[in-house]
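The structure under discussion appears below in the form of structure tokens.
The values are calculated or read from the model by the stated rules, or taken from the named source; none is laboratory data. None of the values given here were measured: they were computed from a predicted structure. Note that each Cβ is placed from the backbone with ideal geometry, even for glycine, and that neighbours are counted across all protein chains shown. To get the accessible areas, we keep the full protein, side chains included, count just its heavy atoms, and leave off ligands, DNA and RNA. Shrake-Rupley method; radii C 1.70, N 1.55, O 1.52, S 1.80 Å.
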Amino acid sequence: TSEGEILGYLYSKGIKPDGVLKLSKDVVKMVCEEYDVEVIDADPIRVEEMAKKKEILDDDDLDKLELRPPVLTIMGHVDHGKTSLLDYIRRSKVAASEAGGITQGIGAYRVQVPFDGKPQTCVFLDTPGHEAFGAMRARGARVTDIAIIVVAADDGIQPQTTEAIAHAKAAGVPIIVAINKIDKDGANPDRVMQDLSSIGLMPEEWGGDIPMVKISALKGENVDDLLETVMLVSELQELKANPNRNAKGTVIEAGLDKSRGPVATFIVQNGTLKRGDIVVCGEAFGKVRALFDDKGKRVDEAGPSIPVQVIGLNNVPLAGDEFEVVGSLDIAREQAESRADYMRNERIMEKAGDGMITLSSLASAVSAGKTVGLDLHQLNIILKVDLQGSIEAVRQALQVLPQTNISLKFLLQATGDISSSDVDLAVASKAIIFGFNVKVPGSVKSQADNKGVEIRLYRVIYDLIDDVRKAMEGLLDTVE
Ligand code: GDP
């Protein structure tokens, strides 16, 4: 059957395919039926995407979804009060009357918040900071539903504030700002709000879409408001999972315990994990011998969003590994082994920079006219510079480049040397890192090499602009 014939058939049905010939599934089915072709209902792109994003919900779950608690990460600059906030919430909101009321450090804890007339649960990840967040995301894990960005009211936006915001934004995670230390002399929350709005976070109070709550983590002032805001944002998100199925989710912490062997904390993201279940988890597997909740209490099961410590794995998995319940130990062993093989290959592939973008790959794609197919119509940029003033200079010079084929997107622009979390951000978002008068520590350089992330360093703005311009025009020499 020729293309023309099919086009003719489509026209006869009143269907006018658009320029790129994107057909809906129904139309494809109709055409296949007309020409007696077997329909295989798998969309390769979607399958690949699912594998990549570690999609948590299956099609079968869609009509069995129930609301689940939000999972939160607290991020922000050092000393702005992340740990104080986590500690205050843990101390004040975890009911001390419950059996073993003190939380155990399993990597996350649950909090009850009165909302909508009843106590509702939210879950805090215990490792604050965008480094952990970025590292998990670079491994493909998506655990956090909402990010709380803490900014000290007496110190304002600092480099790690900017980085934390960049990580949350690139992940598409909604942001709530906690303006902290309002009890301090010299606290100027309005100034913080102004500065945040100038970098694109407009406070709700001023008609924008970012909730900002002024708190004192030290005194606990307005922390209730913050938690209520969390529940409001969560409600809008309609976070859902299907509790009535085999569990899957993500490892958030793991280690070797002298007496108990490999111990891992899972966040269940779909289904319910039960004692006795057989799990594969990265390259590890095993039968769940015991489950402990965040209060160190033995439990029989854990549902969606609930963190739980698992005993019974044969090996220590990695934070960010996906886990899944399977039918038998044989299946589990087989999957863990093939996963180990896959990872070995992946490491080889990563070495070759598979899927990552470099300026020269961009240039060759442009000159071959393939940018759209390669999903390269946008160049994601992480920009690290020596001085605040250089940011605007570089940015403005780049932004006047004609962006007809390729548009430039700044994921992060900040001062300071290139860091490991910059590389994680680049991996997770397929970005190129540009450094202007900054350094790359050796360990960061080798991390970037391993992952195929391109880092380009410049001392002269003109050179940087020129390279980007040439790449966008497809003219950059391919051998660099
Ligand atoms: P982190 O590095 O972001 O985890 O910051 P910390 O929670 O360790 O806090 C850094 C310092 O700021 C500590 O000395 C805290 O006691 C102090 N701090 C945190 N929150 C507040 C607050 O709301 N008010 C005041 N006055 N100090 C605070």
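Taking 12 Å as the cut-off, the amide N atoms of the range 175-210 that come nearer than this to a point 7 Å along the Cα-to-beta-carbon line of Gln399 belong to 199-200. Less than 13 Å Cβ to Cβ from Asp116, Lys/Arg counted +1 and Asp/Glu -1: what total charge do the surrounding residues give? That sum, taken over residues with Cβ under 13 Å, equals -1. Summing +1 for each Lys or Arg and -1 for each Asp or Glu among the other residues whose beta-carbon sits under 15 angstrom from that of Leu227 gives -2. Placing +1 on the Cβ of every Lys and Arg and -1 on the Cβ of every Asp and Glu, with no other charges, gives the range 201-294 a dipole of roughly 920 debye about its Cα centre. Across the range 379-387, rounded Karplus estimates of 3J(HN,Hα) from the backbone phi angles (6.51 cos²θ - 1.76 cosθ + 1.60, θ = phi - 60°) give 9, 7, 10, 10, 10, 10, 10, 6, 10 Hz, Gly and Pro being marked x. Distances between placed amide hydrogens fall under 5 Å for Leu408 paired with Leu379, all partners being 5 or more residues away or on another chain.
Here the Karplus curve 6.51 cos²θ - 1.76 cosθ + 1.60, taken at θ = phi - 60°, turns the phi angles of the range 231-247 into couplings of 5, 5, 4, 4, 4, 5, 6, 6, 6, 9, 8, 9, x, 9, 6, 4, 6 Hz, with x standing for Gly and Pro. Full extension of the segment from Arg91 to Asp224, taken as 0.36 nm per residue of separation minus the current Cα-Cα distance, would add 46.6 nm.
If I take R0 = 25 Å and measure r between the Cβ atoms of Asp257 and Thr83 in this structure, what FRET efficiency does the formula 1/(1 + (r/R0)^6) give, to the nearest 0.05? Computed FRET efficiency for Asp257 and Thr83: 0.55.
Taking the Cβ-Cβ separation of Asp60 and Arg459 as r and a Förster radius of 56 Å, what is the calculated FRET efficiency to the nearest 0.05? Approximately 0.50, to the nearest 0.05.
Using a Förster distance of 45 Å, how high is the FRET efficiency between Gln237 and Glu5, based on the Cβ-Cβ distance and rounded to 0.05? That gives a FRET efficiency of 0.45.
In order along the range 154-163, the Karplus-derived 3J(HN,Hα) couplings, from 6.51 cos²θ - 1.76 cosθ + 1.60 at θ = phi - 60°, round to 9, 10, x, 5, 10, x, 6, 5, 4, 5 Hz, and Gly and Pro are given as x. Placing a pseudo-label 7 Å from each Cα along the Cα-to-Cβ vector at Asp195 and Lys297 gives an inter-label distance of 4.3 nm.
How would Glu334, Glu204, Glu253 line up by accessible area, probe 1.4 Å, largest first? Let's see the in-between values first.
Numbers: Glu334 130, Glu204 105, Glu253 70 Å².
If we order Glu334, Glu204, Glu253 from most to least accessible, we get Glu334, Glu204, Glu253.
Each of His377 and Leu67 was given a label point 7 Å from its Cα along the Cα-to-Cβ line. The distance between the two points is 3.8 nm.
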